[in-house]
Every structure is written in C-alpha cells, then in structure tokens.
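One structure is given here, and the rest of the page talks about it.
The values are calculated or read from the model by the stated rules, or taken from the named source; none is laboratory data. Here the structure is a predicted model, which is why all the values come from computation and not from measurement. With ideal geometry, Cβ positions are generated from the backbone for all residues, glycine too; neighbour counts draw on all protein chains shown. We work out accessible area using only protein heavy atoms, side chains counted, and drop any ligands, DNA or RNA first. Shrake-Rupley method; radii C 1.70, N 1.55, O 1.52, S 1.80 Å.
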Amino acid sequence: VCKVSEGVNATAVQAEIDSYLDKLVGSDNYFTYTAASIVEMADQVTGTFTSFLAAIAAISLLVGGIGIMNIMLVSVAERTREIGTRKALGAPNSSIRIQFIVESIVICIIGGTIGMVLGFGLGALGCKLTQTPVSFSLSSVLISVGFSLAIGVFFGYYPANKAAKLDPIEALRYE
C-alpha cells in the first residue's frame, strides 16, 4: 500500500510502481489501483444499477398503462348507454373524450400518489435502519406527477376516443 503525498501525480507514481514491479515479479503477479480508479469503478456500478432500475420502471409503467387502458375500456363498455344518452342529447365528441381522459388521469394520479407515499415511507425506513440521512426532492415529486399525468393521457386516449366515436343509436340499444 502506497500513499501519495498531496500535490504529487498519483497516476505517474502508479506507472513507476507498475514498471518496478514488472521488473521485479513479472506483469501477471500483482495489481495496482488508485482512489480515482476505485471511484470510476463505483460510478460504473452505479450507472449499471441506475440503468437496471430505469428498465424496471419503464416496464412497470408500460404494464400499469396497459392496466389503465383495460380499466377504461371496461368503463366505456359499462357506460355505453350513458354515452349514448349524452350523445343523443347533443354532447360533442370532445366532451365525452375529455370526460374519459380526465377519469384516466385521476386514476393515474391516485396510483402515483400511493406509489410516492410508499416510496417515501420505505425510503425513510431504509435510511433510518441504515442510519443514513434522508432527503427527498421536490423535483422527484413533480417528475412523478408529470409521469402519472402523461400515462393517464396516453393510455386513456384510446378508450376515450372509442367512447366519443360511439353511434348514439347503437349505444342506446346496448344491453
């Protein structure tokens, strides 16, 4: 173990040590590293872990969004007569579309809020158990709410559009 004095280039010292050890024991019988290389390895591990978590989050959002779409399609099917009545009374397609998109957004916001509360709670518990300081940022909350809104609009649009395009006569006949 070598400690380099402050102001001395650690990479140059490492190169000199490597050269000396190559002559002394051969190049395959030792390894050297610096604090900078340890930090670089830690950054690589953190980056890999972050990518892995991002992939899991993306899959979860996709599955959740498909679930929202299915819930909304069932809602449209159950309320077909209501949609037919509204259209027969003159409701424009845009108001029906907005109604179902808002419903989808509300479902996503409720789910997102539950997820944030669980995440903050479990994060605080984990920090308390490991005795590390905890901090939550406003930006993470805003990003979460933004994603919930986006998922609600994106996956709620198809069922909302399907509801808006229903023929009022066929909708009123629906059993």
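Let's see if you can work this out: charge +1 on each Lys and Arg Cβ, -1 on each Asp and Glu Cβ, no other charges. What is the dipole magnitude of the chain about its Cα centre, in debye to the nearest 20?
Roughly 1080 debye for the chain.
With a ≥ b ≥ c the root eigenvalues of the C-alpha gyration tensor of the stretch 52-106, is it rounded (a/c under 1.5), prolate (a/b larger than b/c) or oblate?
Prolate is the answer for the stretch 52-106, as a/c is 1.5 or above and a/b outweighs b/c.
If you take the beta carbon distance between residue 54 and residue 110 as r and set R0 to 25 Å, what does 1/(1 + (r/R0)^6) give as a FRET efficiency, to the nearest 0.05? Provide the component values of the computation, followed by the final result.
On the way: r = 24 Å, r/R0 = 0.96.
With a Förster radius of 25 Å, E is 0.55.
Name the most mobile residue of 18, 28, 43, meaning the one with the largest mean-square fluctuation, in a Gaussian network model of the chain with Cα contacts below 10 Å.
28
Between the alpha-carbon centers of the stretch 1-58 and the stretch 69-106, tell me the distance in whole angstrom.
One Cα centre to the other: 60 Å.
Before I look further, what does the stretch 82-175 give for accessible area per residue, probe 1.4 Å, in whole square angstrom?
64
In deg cm²/dmol and to the nearest 500, what is the mean residue ellipticity at 222 nm of the chain if only DSSP H runs of at least 4 residues count, each as -39500 (n - 2.57), divided by the residue total?
On the way: 6 runs with 140 residues, N = 175.
The helix-only estimate for the chain comes to -28000 deg cm²/dmol at 222 nm.
Calculate the translational D of the stretch 121-173 in whole µm² s⁻¹ from Stokes-Einstein, where the hydrodynamic radius comes from the Kirkwood formula applied to all Cα pairs, the temperature is 25 °C and the viscosity 0.890 mPa s. Could you put the intermediate results ahead of the total?
Numbers: Rh = 14.9 Å.
Translational diffusion coefficient: 165 µm²/s.
Ignoring ligands, DNA and RNA, what percent of the 1.4 Å accessible area of the stretch 44-175 is carbon and sulfur?
The C+S portion of the solvent-accessible surface of the stretch 44-175 is 73 percent.
When all alpha-carbon pairs of the stretch 32-162 are counted, what percent fall beyond 19 Å?
Everything past 19 Å amounts to 64 percent.
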